[in-house]
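One structure is given here, and the rest of the page talks about it.
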Amino acid sequence: NISGRELHELWTLDFESFSSVEYKKTTAQTKALRDFFRSRNVFIPRKGHSIANELLKAQTISWACMPDEYLHEVDEKHRPINLSSKSINTLHPDSTRIQVEANTTNSYSFINLMKLYNDEAKYDGSSSDLSDSKFETFCENCDMTCIGEEDRKRAFRLMSKENALEHYRALIRENNGIIPSLNSFYTSIKKFLKDKNINKCY
């Protein structure tokens, strides 16, 4: 039952490396994805717009709820997608159930982590920001919300903003969508931002 802002944050996190090219590859699926987000109060324009472009645009900007004048479309045409189908459950009843439960647990862990970070708590990468302290707090928050080691490098963006978030995204692009280990990633961001702040002084 995730909807609105929290769903948008998870979408941005999981689809970080997607471009309009990836969204265009599977028209039926991208249409279903758009309709699902609309049914969960994430505004994505529908009529007269490219699905791929509008998905990418909605993903990269701040969350916007469905305007009142579009709500009748959601109520009448867009129903929540059922995660389990009869055929899948018949073929793999146990594995399907475990997979859905694991995904739900993981999603709630990310949501709980997001709730711990208001704008002031995030790492902005400025010279006055206490980066080591914030990184240590981030690791503690991941422990508290049960986010595993492998998922922490994806969750790092939730504690970042401004210069730190920009460099996070640049590093992922340089690595063709692959996120490096959390420690090497953090060290790289810290060095980059330190050099950037030093250059500002000259």
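A compact table of results
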| read-out | value |
| --- | --- |
| Segment 148-181: number of residues that are among the aromatic types (Phe, Trp, Tyr) and in contact with a strand residue (DSSP E or B) (Cβ under 6 Å, 6 or more places away or on another chain) | 1 |
| Qualifying positions in segment 22-55 - assigned to a loop (DSSP other than H, G, I, E, B) and either more than 24 Å from Gly4 (Cβ to Cβ) or of a type in the set (Gly, Ala, Ser) (or both) | Lys25, Thr26, Gly48, Ser50 |
| Count of residues meeting criterion [within 16 Å of the chain's Cα centre (by Cα), in a helix (DSSP H, G or I) and modelled with pLDDT of 75 or more] in segment 5-21 | 9 |
| Single residue of segment 6-39 satisfying the filter (among the hydroxyl-bearing types (Ser, Thr, Tyr) and closer than 21 Å to Ser62 by Cβ) that is surrounded by the most Cβ atoms within 10 Å (Cβ to Cβ) | Tyr23 |
| Considering residues of segment 25-42 that are charged (D, E, K, R) and modelled with pLDDT under 80 only, the residue nearest to the chain's Cα centre (by Cα) | Arg40 |
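So that you can scan it fast, the table gives a plain yes or no per residue for (1) under 24 Å from Glu22 (Cβ atoms); (2) touching a Pro at 6+ places or on another chain (Cβ under 6 Å); (3) touching a residue at least 12 places away in the same chain (Cβ under 8 Å); (4) not assigned by TED's automatic domain parsing to the domain that holds Leu193:
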site: Cys139; (1), (2), (3), (4): no, no, yes, no
site: Gly148; (1), (2), (3), (4): no, no, no, no
site: Ala155; (1), (2), (3), (4): yes, no, yes, no
site: Glu162; (1), (2), (3), (4): no, no, yes, no
site: Tyr168; (1), (2), (3), (4): yes, no, yes, no
site: Ile178; (1), (2), (3), (4): yes, no, no, no
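The values are calculated or read from the model by the stated rules, or taken from the named source; none is laboratory data. Note that this is a predicted model, so its numbers are computed, not measured. So basically every Cβ, Gly included, is an ideal-geometry build from the backbone, and we count neighbours across all protein chains shown.
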